[in-house]
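Below is one structure, written out as structure tokens, with a few remarks after it.
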């Protein structure tokens, strides 16, 4: 199985458990790795034969931007569900970076992997 990836997607959303976090949007950085068989697209050189990462990006930006989860774990699980159900992919890895959540750490977040990578 091949992997189509989209890394460094910056999205502002309401995320967090503290009252102050619920009043303002915070910036997250999201990396997506998605299993796909690209053989047909490679042969035809046509966008309809592959996973269109622009369409994926637009959907995830919309979904995350409208979300108001408390935990990045919940957000990651829901992103994985959107990817697998709406784009019919067998496996995905979702990495969410909530930079600045811990003052003494450069990065903090979660990695959610769902499905089977063939």
Determine which member of the set 118, 104 is more than 17 Å from the chain's Cα centre (by Cα), under 16 Å from residue 3 (Cβ atoms) and surrounded by fewer than 16 Cβ atoms within 10 Å (Cβ to Cβ). 118
If the requirement is being more than 13 Å from residue 94 (Cβ to Cβ) and modelled with pLDDT of 95 or more, which of these qualifies: 12, 31? 12
For residues that are within 17 Å of residue 5 (Cβ to Cβ), over 13 Å from the mean Cα position of the chain (by Cα) and in contact (Cβ under 8 Å) with a residue 24 or more places away in the chain, tally how many sit in the range 36-73. 5
Right, residue 22: out of contact with any helix residue (DSSP H, G or I) (no Cβ under 6 Å at 6 or more places or on another chain) and at pLDDT below 95 or not? yes
Out of the residues in the range 84-96 that are assigned to a helix (DSSP H, G or I) and out of contact with any helix residue (DSSP H, G or I) (no Cβ under 7 Å at 6 or more places or on another chain), which is surrounded by the most Cβ atoms within 10 Å (Cβ to Cβ)? 84
Selection status of residue 79, touching a helix residue (DSSP H, G or I) at 6+ places or on another chain (Cβ under 8 Å) and buried (at least 16 other Cβ atoms within 10 Å of the Cβ): yes
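The values are calculated or read from the model by the stated rules, or taken from the named source; none is laboratory data. The structure displayed is predicted, hence computed values, not measured ones. Virtual Cβ from ideal backbone geometry, glycine too; neighbours counted across all protein chains shown.
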